[in-house]
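Written below as structure tokens is the structure these notes are about.
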Amino acid sequence: MFEIGIGKQGEITVAGRLDAAQAEKAQSFLDAIDGSAVMDCAGLEYVSSAGLGVLLRTQKRLMNGGGAIKLINVNPHIHNIFRYSGFDHIFELETAAG
Amino acid sequence: MEQAFQRTFDSLEEIFAFTQSFFDHESVGAEHRHDANFAIEELFTNMVKYNRSGRSEIRLSLARVDDKLLVSLTDPESEPFDITKVPPVDIQRPIEEREPGGLGIHLTRKVVDSIEYRHKDGCTTIKFSKNLR
């Protein structure tokens, strides 16, 4: 299961598993985002390399327009995957409290 | 515990249900589950990507021996591609020089403790282990 939408504060909300089967759904949604955005990852359990590709493609597009995507409430497992990828230098990240 | 899965990304949900059942039975902790699922997805989707037209199913086997998780994926319809020989990814490159793709094997090697590749008579078997301590 994977869900993506817009929260009450205008942030992007994601929940579930961003795997290869869900990458297209995520990309379609993120392709409609412009400028800068915050993605609340509190409900996100898992990101595979296919999901990382979606996020990188989105970040490159937004940065070309002077914007960026910031990820908040990132769980420790996903944070490790970002570190191993070098994506902790490409995205502004805030880990989940506790 | 072993099960065969259709050669499509849509099998991932079924695969994760299969691994969850095994991990629950074997009381595998959350961190190890995450890493094992990650490696399984990357290896499985690679097998799918490099032979989308294949008809044979991909077999996934899970076992626990003492404090070690042993995972095996077998693709009976595959070309040789030794994942242990893939060069490391330079993760320090700036975003302008990064492109989507090419991270799956790199990350798999980061999250498992050992990995083996074998190809014989068109059949690829990849085994990895994960220490559960």
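Values quoted throughout were computed directly from the atomic coordinates according to the rules given, and no laboratory measurement underlies them. Only a predicted model underlies this, so the values are computations on that prediction, with no experimental measurement involved. A quick note on method: Cβ atoms are made from the backbone with ideal geometry, for glycine too, and the neighbour counts reach across all protein chains shown.
Using θ = phi - 60° in the Karplus curve 6.51 cos²θ - 1.76 cosθ + 1.60, the 3J(HN,Hα) couplings for the stretch B:108-114 round to 4, 5, 6, 9, 10, 9, 8 Hz; x is entered for Gly and Pro. Comparing A:Ala42, A:Ala15, A:Ala32 in a Gaussian network model of chain A, where Cα atoms under 10 Å apart are tied by springs, the biggest mean-square fluctuation is seen for A:Ala32. Taking a spot 7 Å from the Cα of A:Ala42 along the direction of its beta carbon, which residues of the stretch A:64-98 have an amide N less than 18 Å from it? Residues passing the 18 Å test: A:70-79, A:93-98. List the relative contact order of chain B as a percent without decimals, with contacts defined as Cα pairs under 8 Å and 6+ residues apart. For chain B, the relative contact order is 29 percent. Under 5 Å between amide hydrogens, built in the peptide plane, is the criterion, and for B:Gly101 it picks out A:Gly53 among residues at least 5 positions away or on other chains. Out of B:Thr84, B:Thr45, B:Thr108, any idea which swings most in a Gaussian network model of chain B, alpha carbons joined below 10 Å? Its mean-square fluctuation being the largest, the pick is B:Thr84.
Note: relative contact order over chain A, using C-alpha pairs below 8 Å and six or more positions apart, is 25 percent. Taking B:Lys110, B:Lys68, B:Lys85 as the candidate residues, the one with maximal mean-square fluctuation in a Gaussian network model of chain B, Cα springs under 10 Å, is B:Lys85. Does the stretch A:2-95 come out rounded, prolate or oblate, given a ≥ b ≥ c as the square roots of the eigenvalues of its C-alpha gyration tensor, rounded meaning a/c under 1.5 and, failing that, prolate meaning a/b above b/c? Since a/c stays below 1.5, the shape of the stretch A:2-95 is classed as rounded. Starting from the Cα of A:Met1, move 7 Å in the Cα-to-Cβ direction to define the label point; list residues of the stretch A:66-90 whose amide nitrogen is under 17 Å from there. Those under the cut-off are none; the list is empty. Calculated [222 nm] ellipticity per residue, helices only, for chain B: -10500 deg cm²/dmol; basis is -39500 (n - 2.57) per DSSP H run with n ≥ 4, divided by all residues, nearest 500.
Near B:Thr125, once Lys and Arg are set to +1 and Asp and Glu to -1 for all other residues with Cβ below 15 Å from its Cβ, the sum equals -4. When a/c reaches 1.5 or more, the comparison of a/b and b/c decides; with that in mind, is the protein assembly as shown rounded, prolate or oblate per its Cα gyration tensor? Here the protein assembly as shown falls in the prolate category. Here the relative contact order of the stretch B:80-133, from alpha carbon pairs under 8 Å that lie six or more residues apart, stands at 33 percent. Per-residue ellipticity at 222 nm from helix content only, as computed over chain A with -39500 (n - 2.57) for each DSSP H run of at least four residues, stands at -10500 deg cm²/dmol.
The label point for B:Asp121 and the one for B:Glu77, both projected 7 Å from the Cα toward the Cβ, are 1.7 nm apart.
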